[in-house]
Protein chains: 2
Amino acid sequence: MRITVCLTDNRPDPWVSGLRAALPGADIENWEPGSPPADHAVVWMPPQAFIDDQLALRGLFNIGAGVDALLGLKLPPQTRIVRLDDAGMSVQMAEYVCHALIRHFREFDAYEVEARAGRWTFRKPRSRGDFPVGIMGLGVLGERVAKAVAQFDFPVNGWSRTPKAIDGVRNFVGAESFDDFLAASRVLVCLLPVTPETRGVLRCENLLKLNGGKPGGYVINVARGAHLVEDDLIPLLDAGQLAGATLDVFEQEPLPGDHPYWRHPKINVTPHGSARTLRDESIAQIAGKIRALESGVGFDALPGVVDAGRGY
Amino acid sequence: MRITVCLTDNRPDPWVSGLRAALPGADIENWEPGSPPADHAVVWMPPQAFIDDQLALRGLFNIGAGVDALLGLKLPPQTRIVRLDDAGMSVQMAEYVCHALIRHFREFDAYEVEARAGRWTFRKPRSRGDFPVGIMGLGVLGERVAKAVAQFDFPVNGWSRTPKAIDGVRNFVGAESFDDFLAASRVLVCLLPVTPETRGVLRCENLLKLNGGKPGGYVINVARGAHLVEDDLIPLLDAGQLAGATLDVFEQEPLPGDHPYWRHPKINVTPHGSARTLRDESIAQIAGKIRALESGVGFDALPGVVDAGRGY
């Protein structure tokens with residue numbers, strides 16, 4: 001069995017050596033133009049030239065949860081895309097979202113300004129009942145985030161394509177319930193995959209529906225920059241309709257140094273690090289899936305196999 | 001039945017009117033010198049002159065969880081001190097501690113410095129296995145904090161006077177296990193009551209034992225300022241032995257404007273707000289306990305009754 005590794009913007013060597021250790025029988029190399037066709041590939045943003053070489057490819061293993069960068073590729077008919085399935089990412093997402101939520105809800109930024117000036121002042125505590133949190137996307141990541149938020153006694157709404165029963169989470173299903181979901185949510189957390197339906201979902205028209213149309217909504221985007229219509233955000237913040245945003249993903253990454261998001265007082269920017277790929281966990285997961293496939297298990301029995309029609 | 005309210009540093013009127021609404025048969029007034037003796041009192045830092053008037057007092061209800069300010073008072077022999085039992089405080093503590101922990105673990109402060117300069121840079125992710133969290137005190141507040149931290153997959157140690165079985169928490173019991181508890185913990189969270197045994201527990205000698213004696217320990221104090229030997233902290237931070245501290249409580253409150261904690265780059269100060277008393281929840285809880293006592297229930301059947309010998 002031959003496995004090839006093609007990682008744009010990532011150092012391939014530790015992946016190659018880790019996969020070799022996990023799959024001792026396999027022939028595992030970093031891809032170069034002219035490499036022989038492989039049975040499986042481990043990739044991050046591979047070029048079409050890579051795919052064009054891979055006529056025998058069965059599994060195309062992405063080292064992230066979002067596979068939008070792969071969906072534009074022309075694949076051989078037998079090739080299936082497999083995304084990471086948690087692999088240590090869901091707990092990082094839960095951490096990141098809870099941190100941003102608590103920081104906003106408890107007004108820790110305002111307290112910090114006072115503290116740096118040496119002032120001991122109180123703000124009136126806010127009621128968590130007034131801060132319902134809406135989670136868009138209830139997959140492996142969204143479910144974990146929803147449970148973590150619910151544990152802090154915030155009301156939690158979850159929006160999903162198909163019904164999902166999660167303790168403590170009010171489920172809104174499908175496009176027809178989207179407006180009700182937005183109206184019932186004050187803090188909006190985006191964990192959706194990018195598909196033609198979800199691209200630009202964080203746009204003015206929808207953001208105005210948050211919190212029953214009242215001011216004070218807050219946006220946390222940890223999915224993809226393509227979900228947010230970037231030009232719509234700052235006018236809503238400056239008008240006071242939205243109270244703030246924590247953004248980890250952007251249309252263009254790295255976010256250009258002169259982008260207004262970096263220094264806007266109501267926006268917190270992080271460099272696409274809400275959930276980093278953990279190499280050891282990811283290698284173990286991908287190796288396990290390759291072993292299963294090679295022992296005769298079908299793709300349909302593996303978690304994380306992408307439905308090309310659905311787009312994730 | 002007569003109830004008197006004596007709240008230093010708090011507006012008494014909403015407490016008086018709230019208690020009147022919750023206990024319609026009772027005679028409830030704000031205390032003034034010369035007021036007639038009451039059956040129960042609702043207090044925050046009452047002066048000894050107040051207690052001297054209260055010869056018939058049965059229940060002395062504190063509007064906080066920490067009763068250290070009451071233990072120096074000379075009480076009539078039949079009077080029992082009752083502290084708040086959660087009343088909406090444990091979720092606030094869990095929020096505050098998880099926020100401080102995640103902020104430190106994920107290095108969000110360092111990311112923010114880069115972000116404000118418009119720089120997209122990564123730091124190597126740290127392993128949560130390297131950040132065991134030690135919770136000192138496993139009462140109502142400590143248990144909730146421990147569970148919240150465990151949910152983010154950090155190793156959690158809990159130190160308590162008596163054994164406590166909490167899922168996901170390694171329990172260290174009593175003075176003889178204290179050094180082992182410190183050695184096994186990197187982030188130390190203080191939720192202890194102030195007693196002669198716990199006063200000054202956060203002192204150089206003990207803080208040096210954190211993290212097996214290796215540098216990198218972190219202190220979160222949400223209990224009382226008396227737990228921390230204030231002069232010991234900054235030298236440990238400046239030497240690099242401790243990585244930082246988040247402090248909500250201080251020997252002198254308000255913390256003086258010229259205190260070095262306010263502006264130290266490794267210290268985050270908040271003004272004793274980690275868990276604010278929620279008036280409605282507290283009134284409902286105190287009124288419920290008074291109703292129970294008046295219907296013949298004994299103090300020993302109520303949660304939150306202070307054991308004067310134990311000190312909490």
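Key figures
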| read-out | value |
| --- | --- |
| Members of the range B:113-135 that become less accessible by 40 Å² or more once partner protein chains are added (1.4 angstrom probe, chain alone as reference) | B:115, B:116, B:118, B:120, B:122, B:125, B:128 |
| The range B:89-269, accessible surface, carbon-and-sulfur percent (1.4 angstrom probe) | 53 percent |
| Ratio Rg/Rh [Cα only; Rh per Kirkwood] for the range A:80-141 | 1.17 |
| Isotropic mean projected area of the C-alpha convex hull, the range A:180-240 (nm²) | 3.8 nm² |
| Residue B:171 long-range amide H proximity, modeled H, under 5 Å | B:158 |
| Mean residue ellipticity (222 nm) of the protein assembly as shown, computed from DSSP H runs ≥ 4 via -39,500 (n - 2.57), nearest 500 | -8000 deg cm²/dmol |
| Whole-Å distance, taken between Cα centres, linking the range A:97-147 and the range A:1-55 | 42 Å |
| Projected label distance in nm at residue B:49 and residue A:27, using a 7 Å step from Cα toward the beta-carbon | 9.4 nm |
| Sequence of A:74, B:209 when ordered by accessible area, the most exposed leading, probe 1.4 angstrom | A:74, B:209 |
| Selected from A:255, A:108, A:204, residue furthest toward positive end of dipole (the range A:89-269; charges at beta carbon) | A:108 |
| Rounded to whole Hz, the Karplus (6.51, -1.76, 1.60) HN-Hα couplings of the range B:200-205, x for glycine and proline | x, 5, 8, 10, 3, 3 |
| Cα convex hull of chain A - mean projected area over all directions, nm² | 17.9 nm² |
| Interchain or long-range residues, amide H under 5 Å from residue B:30's placed H | B:5 |
| Karplus-derived HN-Hα couplings along the range A:260-265 (A = 6.51, B = -1.76, C = 1.60, θ = phi - 60°), whole Hz, x at Gly and Pro | x, 4, 3, 10, 5, x |
| Low-density loop positions, trypsin sites (Lys or Arg not before Pro), the range B:102-193 - DSSP coil, at most 14 other Cβ in 10 Å | B:119, B:123, B:126 |
| Charge dipole (the range B:104-224, unit charges on Cβ, about Cα centre) - positive-most of B:163, B:181, B:215 | B:215 |
| Highest-fluctuation residue, B:135, B:28, B:220 considered, GNM on chain B with Cα pairs under 10 Å | B:28 |
| Cα principal axis extents for the protein assembly as shown, largest first, Å | 95, 54, 47 |
| Cα-centred dipole magnitude for chain A, charges only on beta-carbon of K, R (+1) and D, E (-1), debye, nearest 20 | 900 debye |
| Accessible solvent surface per residue of chain B, calculated while the other protein chains remain in place, 1.4 angstrom probe, Å² | 41 Å² |
| Set A:266/B:266; B:164/B:266; A:266/B:209; A:147/B:214; A:74/A:209; A:164/B:289 screened for pairs whose C-alpha atoms are more than 31 Å apart | B:164/B:266; A:266/B:209; A:147/B:214; A:74/A:209; A:164/B:289 |
| Heavy-atom accessible area ranking, 1.4 Å probe, most first, across B:295, A:90 | B:295, A:90 |
| Neighbour-limited loop hits for trypsin sites (Lys or Arg not before Pro), the range B:245-312 (at most 10 other Cβ within 10 Å; DSSP other than H, G, I, E, B) | B:310 |
| Gap separating the Cα centres of the range B:178-197 and the range B:284-310, nearest whole Å | 29 Å |
| Cα-based shape type of the range A:1-124, given that a ≥ b ≥ c are square roots of the gyration tensor eigenvalues and the cut on a/c is 1.5 | prolate |
| Alpha carbon convex hull of the range B:60-174, volume per residue in cubic angstrom | 146 Å³ |
| Within a Gaussian network of chain A (alpha carbon springs, distance under 10 Å), most fluctuating of A:258, A:13, A:52 | A:258 |
| Over the range B:54-197, relative contact order from alpha-carbon pairs under 8 Å, at least 6 apart, % | 22 percent |
| Cα-centred dipole magnitude for the range B:132-248, charges only on beta-carbon of K, R (+1) and D, E (-1), debye, nearest 20 | 280 debye |
| Summed buried accessible area for B+A [probe radius 1.4 Å, Å², rounded to 100] | 4300 Å² |
| D (Stokes-Einstein, µm²/s), Kirkwood Cα radius, the range B:1-71, 1.306 mPa s at 10 °C | 131 µm²/s |
| Whole-Hz ³J(HN,Hα) from phi, Karplus 6.51 cos²θ - 1.76 cosθ + 1.60, for the range A:52-69, glycine and proline x | 4, 7, 9, 6, 9, 5, 9, x, 10, 8, 8, 8, x, 8, x, 10, 4, 6 |
| At least 50 Å² accessible surface lost relative to isolated chain, residues of the range B:245-266 (1.4 Å probe) | B:262, B:263 |
| About the Cα centre, charge dipole magnitude for the protein assembly as shown (Lys/Arg +1, Asp/Glu -1 at Cβ), debye | 380 debye |
| Copy-to-copy label separations for residue B:305, where each label sits 7 Å from Cα toward Cβ, in nm and ascending | 6.4 |
| For residue B:10, label point 7 Å along C-beta direction: distances to other copies, nm | 5.4 |
| Using a 7 Å Cα-to-Cβ projection, residue B:36 label spacings across copies, nm, ascending | 10.1 |
| Fraction of the pair-distance distribution of the range A:101-239 above 17 Å, Cα-Cα pairs, percent | 61 percent |
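The values are calculated or read from the model by the stated rules, or taken from the named source; none is laboratory data. Since the model is a prediction, treat every value here as computed from it, not as a measurement. When we count neighbours, we look across all protein chains shown, and the Cβ atoms used for this are built from the backbone with ideal geometry, even at glycine. The accessibility values were calculated without ligands, DNA or RNA, using every heavy atom of the protein model including side chains. Shrake-Rupley method; radii C 1.70, N 1.55, O 1.52, S 1.80 Å.
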